[in-house]
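No lab work stands behind these numbers, since they all come straight from the coordinates. None of these values were measured; they are calculated from a predicted model. Cβ sites come from the backbone with ideal geometry, for glycine too, and all protein chains shown count toward neighbours.
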Amino acid sequence: MLDGICPKCHSNDVAGPLRLLTSHQTTPHVQMREPDPPDRPFIWLPETVRSEFFAFVCAGCGYTEFYAGNYRELGAARRRGFQSS
């Protein structure tokens, strides 16, 4: 739906990108964390990568797609061995 056309009903009446909010006014997100090193020190702060989402909603049928805003950095983190935290 990034092209403004709904893949379900083919309407061009698509709203978005729309931010997603929770009841606490924070945005839903995913987060990845680097794995612990084998010789992890007592005090250690892992590097994290976070991405919020945005949505496109078809006003013709209600079909909705969600996209990660920071998808490139999430992919790079996955290739470096980061995992969901």
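Using 7 Å Cα-to-Cβ label points, what is the TYR63/LEU2 separation (nm, one decimal)?
Placing both labels 7 Å beyond Cα along the Cβ direction yields 1.7 nm.
Where does each of 30-43, 6-19, 55-68 land if you order them by average Cβ count within 10 Å, highest first?
55-68, 6-19, 30-43
Got a sec? Charge dipole of the chain, +1 on Cβ for Lys and Arg, -1 for Asp and Glu; which of TYR71, PRO46, SER11 is way out at the positive end?
PRO46
So, in nm, how far is label HIS24 from label GLN83 when the simple model puts each one 7 Å beyond its Cα toward the Cβ?
Here the modelled spin labels are 2.4 nm apart.
Mean separation of Cα pairs under 8 Å and 6+ residues apart, divided by the residue count of the chain: what relative contact order is that in percent?
Result for the chain is 33 percent.
Would you calculate a helix-derived [θ] at 222 nm for the chain, using -39,500 (n - 2.57) for each DSSP H run of n ≥ 4 and dividing by the full residue count, to the nearest 500?
-3000 deg cm²/dmol
Grab the eigenvalues of the alpha-carbon gyration tensor for the chain, scale each by 5, take roots, and send me the semi-axes largest first in whole angstrom.
Semi-axes, largest first: 36, 14, 8 Å.
Give, as a single signed number, the net charge of other residues whose beta carbon lies under 15 Å from the beta carbon of ILE5, with Lys and Arg counted +1 and Asp and Glu -1.
The answer is -2.
Mind giving me the nanometre distance, one decimal, between the label points for TYR71 and GLU52, set 7 Å out from Cα along Cα→Cβ?
Taking the two extended label points, one gets 1.8 nm.
What is the dipole size for the chain, taken about its Cα centre, with +1 at each Lys and Arg Cβ and -1 at each Asp and Glu Cβ, in debye to the nearest 20?
With Lys and Arg at +1 and Asp and Glu at -1, about 100 debye.
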